[in-house]
């Protein structure tokens, strides 16, 4: 099955459908606007709860918090959503050879909120970690690259994990 078809299949079979901003606030999320953007743009491949889809897209439940703890990791997060990522990567001992699309069509504030939802609400980063800002995204937006270059950068900052 093609990655696009798998994403569409996952979207159709996700329980509960999309998450509204009001529902996110009711659930006590720190970044409800990011939750809404995540559901609209990311959940189709990474799953509604960020657990990933086997053989398609990796989970987002640990590494984003690890990335957010360093300057280069934060750059990696911004570059990934802005320019996509393609090629083989390993996450938690599993390999994914996929093509994540770029989301540069979204504004910097929306991308920052989405990343903060992933980092803090899904990956449970410590509350004392500095959230990503629209300015962080704008800085990376000023240095365009392709998804292969994003993957190459990731090799130098990928966190060691379980």
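FYI, it's all coordinate maths here, none of it is from the lab. Bear in mind that the values here come from a model prediction, so they are computed numbers and not experimental data. Virtual Cβ from ideal backbone geometry, glycine too; neighbours counted across all protein chains shown.
The simple spin-label model puts a point 7 Å past each Cα toward its Cβ; for residue 138 and residue 69 those points are separated by 3.0 nm.
Please express the shape of the stretch 63-162 as an equivalent ellipsoid: the semi-axes are the square roots of 5 times the eigenvalues of the C-alpha gyration tensor, given largest first in whole angstrom. Mind showing how you got there, number by number?
Working: eigenvalues 71, 64, 25 Å².
Computed over the stretch 63-162, the values are 19, 18, 11 Å.
Annotation: the stretch 95-145 has a Kirkwood hydrodynamic radius of 12.3 angstrom, from the mean reciprocal C-alpha pair distance.
With the cut-off at under 13 Å, measuring from each backbone N in the stretch 78-98 to a point 7 Å along the Cα-to-Cβ line of residue 148 picks out 86-88.
Rg and Dmax of the stretch 70-122, based on Cα coordinates, read 11.9, 33 Å.
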